[in-house]
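Notes for the one structure printed next.
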Amino acid sequence: MAELPPFLPFFAGALLLPILPRGLRGIFFLVPPALAMWTLSGMQDGSTLSITLLGWELTPLRVDRLALLFGWVFAIVAFIGGVYALHLRSLGQQVAASLYAGSALGAVFAGDLITLLVFWEIMALGSAWLVWSRRTPASLAAGMRYIYVHLAGGGLLMAGILLHAGDTGSLAFTAFAQPSPAAWLILLGFGINAAIPPLHAWLPDAYPQATVTGAVFMSAFTTKTAVYALARGFAGWELLVPFGVAMTLYGVVYATLANDIRRLLAYHIVSQVGYMVAGVGLGSQMGINGATAHAFTHILYKGLLFMGAGAVLHATARSKLTELGGLGRFMPWTVALYLVGAFSISGFPLFSGFVSKAVTVDAAAKLGRDGVVLLLHLASIGTFLSTTLKLPYFTWWGPRRAYELVPIPWNMTAGMALAAGLNIFLGVYPQALYAILPYPLDYHPYTHSHLVKSAQLLGFTFLAFWLLRSRMGGKPRITLDTDWLYRRPAGLAYRLTVVTVDRLFGGVEALVLRMAEPLRALLANPHKPAGGLLRTIARLDFPIGGADPEPACFDVSRYRFSTGGVLFVLLLVFALLLAGALLVA
Amino acid sequence: MSRFRALLLGLALVGSVVLGFFGPAKEPHHVWDYKGFFALYGFAGCALIVFASKALGKHILQRGEDYYRPAGAPPEEAPEADGAHPRGEGEERHRG
């Protein structure tokens, strides 16, 4: 029983959900995560499940410490997200979220690349559905862009896997030791899902368009599965260090400019995943430990932040800083619980981010990467600035805007409380996290220098924010990102292939219609334009209406005799010619 | 900020710098081993991020909200005035 793959309960749940009564589905959604946790608790490090398919050995289940860490946090966040979404009555979203969570678990326990690829693609579909489920024109378009990018990423991954299988004759998913075309393709596929700039634009494009509950799941699974895959396959690839560090600052800059609160948080996913990518790139045991520890806490606090922003969206139907303000008194629990997440992401002592970020940064310091250390601290300042100061200040403080509020369901608050509790638990008792990291770690985050450093960084960042706060508010503007490269040409392509062609056809149609009117007038009575000749023949008629001018329309009886006469002559000539030809033959 | 809160903030800031002098003594190997380095870094870093980001946004990156809207498409719907139908909750309107 212990060897039951943890994705199975989710997939079975997705099959059962449609036949359950609507009222039970919300509760039932919690069963697969609970079953998965039960399965995980019985799993032995090192056990595998293999099958042979078409002569290739596939390993749908491979258990080790790295996979278990991600498996646990995925199951936990699926459960918390389920509580947050308990009020949901949308079958499509519940099935999509189940498949999405299940395939994320399937991907981290996949021992071979084909199994990984299959789960990778199901994740793309499930998450795209959570964007489309919001059913606004903007979310439909963003969902389409999202799925195109992920299908392209999946294509790169598959090309790399096939090439790799051809090169090495093995499908096992292990570390890629040597750079090869196959490894580069696979790295690109992973990099798209890890949202490494310039391949990241799908994330801040789609996440703010997802449903309130959908965005919570999305913030957890896609990028962190990619971090897992990078840690497994590309640990120590030096290239990942500069890209990871650049990511942390890239997200910070764009979050500072963001107006939509969920886009601000989405850019801070890019920023936080940068710490993990850099940790993986460092490649030391401590670097990998830092990356995975940060992934674990990140899922918990980022889910919490998206839950808080989602509660604001649910209550106000608004998500832009320029449209929000002064809501704090009306949702005190949301503010308090959101701030737990914000303190965690900012690395406040006693909150979860403090104990995981420090490991990554110290891993860089131990390797003598001083520049990396300083830039990661700079990103940390920007994180505190946007998520803990700017977003709450302009959402919950200040003058209240006039609009009605929809009450927040109790279960949304309960989901936030669960996540907040775990963030505080890990902050207070970090050894619980350190004990499950891939490599043994003897580390104590609560040292004098760490505490003084945090107090100074956070305190003086707050001071600078307070002095500059008039410049910090959101602007009703959008910020161009690398999605410009495919959204702008898309407009051009649309104009070229749809608008222009449409206009061409329209023009031809109008021209034909315009020609039809004079032609109709011309041909209504063929005798009339034929003029003199026909009029001459017409004199042979027995005029019914005297020598009237020609009528506008053809009148059969008027020309019966003349037309008949001409036809008679023609037929006679034809008959004579035919007879002559027959006689000659 | 009330005078009381400003005083609290001032105390916390001064305290964080002063406490830095009471740690275990060690030779400065890195730039961040100097006392009070992170106070300066926090303040300057925050100002740098704000000014650099805003300048980038103003001169290069930011556009009107309709920038990507194809010509002829309807403008993005404004939030409902009564707020009774959360836009984020397609599920509320499409029970199934």
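Could you run the numbers on buried accessible area between A and B, total for both chains, 1.4 angstrom probe, in Å² to the nearest 100? Please report the intermediate quantities before stating the final value.
Numbers: alone 26340 and 9310 Å², together 29890 Å².
Buried area between the two chains comes out at roughly 5800 Å².
At a 1.4 Å probe radius, carbon and sulfur cover how many percent of the accessible area of region A:287-380? The partial results should precede the final answer.
Working: 1390 of 2020 Å².
Here it works out to 69 percent.
Once you keep just the Cα pairs under 8 angstrom separated by 6 or more residues, what percentage relative contact order results for chain A?
Values: 925 pairs, mean separation 71.0, N = 585.
Reported as a whole number, the value is 12 percent.
Karplus couplings for region A:425-434 from phi (6.51 cos²θ - 1.76 cosθ + 1.60, θ = phi - 60°), rounded to Hz, Gly and Pro as x?
So the Karplus estimates, Gly and Pro as x, are 4, 5, x, 7, 10, x, 4, 4, 6, 4 Hz.
Could you check the spin-label model distance between A:F330 and B:L40? Points 7 Å from the Cα along Cα→Cβ, value in nm.
With each label point 7 Å from Cα toward Cβ, the separation is 4.7 nm.
What shape does region A:120-230 take by its C-alpha gyration tensor, where a ≥ b ≥ c are the square roots of the eigenvalues and a/c under 1.5 counts as rounded, a/b above b/c as prolate, and the rest as oblate? All intermediate terms of the calculation are to be shown ahead of the outcome.
Working: a/c = 2.55, a/b = 2.37, b/c = 1.07.
Prolate, since a/c reaches 1.5 and a/b exceeds b/c.
Hey, can you grab everything whose amide H is under 5 Å from the amide H of A:D260? Only 5+ residues off in sequence or another chain; H modelled, so Pro and N-termini drop out.
Under 5 Å from the amide H of A:D260: A:L321.
Any of A:K224/A:K475; A:K302/B:K35; A:K302/B:K58; A:K320/B:K54; A:K390/B:K35 with alpha carbons more than 21 Å apart? Name them for me.
Check vs 21 Å cut-off fails for A:K224/A:K475; A:K302/B:K35; A:K302/B:K58; A:K390/B:K35.
Please work out whether region A:1-234 counts as rounded, prolate or oblate from its C-alpha gyration tensor, where a ≥ b ≥ c are the square roots of the eigenvalues and a/c under 1.5 means rounded, while otherwise a/b larger than b/c means prolate and anything else oblate? Don't skip to the answer; put the middle values down first.
Working: a/c = 2.05, a/b = 1.24, b/c = 1.66.
Taking the square roots of the gyration eigenvalues as a ≥ b ≥ c, region A:1-234 is oblate.
Rounded if a/c is under 1.5, else prolate if a/b is larger than b/c, else oblate: which is chain A, with a ≥ b ≥ c the root eigenvalues of its Cα gyration tensor? Provide the component values of the computation, followed by the final result.
Numbers: a/c = 2.87, a/b = 2.17, b/c = 1.32.
It is prolate, given that a/c is not under 1.5 and a/b is the larger ratio.
Using only Cα atoms, locate the centre of region A:131-159 and the centre of region A:322-387, then give the distance between them in Å, rounded to an integer.
Comparing the Cα centres of region A:131-159 and region A:322-387, I get a distance of 29 Å.
5 Å is the cut-off here: which amide hydrogens, built 1.01 Å from N in the peptide plane, fall below it relative to A:G326, excluding neighbours closer than 5 in sequence?
Those lying under 5 Å, H to H, from A:G326 are A:W396, A:W397, A:G398.
Could you tell me what percent of the accessible area of region A:38-108 is made up of carbon and sulfur, with a 1.4 Å probe and every protein chain present?
After summing per-atom areas, the C and S share lands at 62 percent.
When Cβ neighbours within 10 Å are restricted to other protein chains, what is their mean count per residue of peptide B:1-11?
Values: counts 1, 0, 0, 0, 0, 1, 0, 0, 4, 2, 0.
Counting Cβ atoms of other protein chains within 10 Å of each residue's Cβ and averaging gives 1.
Can you give the convex hull volume of the alpha carbon atoms of region A:163-224 per residue, in Å³?
Details: hull volume 6.3 nm³, N = 62.
Each residue corresponds to 101 Å³ of Cα convex hull volume.
Using every Cα-Cα pair within region A:70-163, state what percent have a distance larger than 16 Å.
Details: 2629 of 4371 pairs.
Of all Cα-Cα pairs in region A:70-163, 60 percent lie more than 16 Å apart.
The values are calculated or read from the model by the stated rules, or taken from the named source; none is laboratory data. Values in this document were obtained by computation on a predicted structure and should not be read as measured data. Here Cβ is always computed from backbone atoms with ideal geometry, including for glycine, and neighbour counts include all displayed protein chains. Surface accessibility is based on the protein's heavy atoms, side chains included, excluding ligands, DNA and RNA. Shrake-Rupley method; radii C 1.70, N 1.55, O 1.52, S 1.80 Å.
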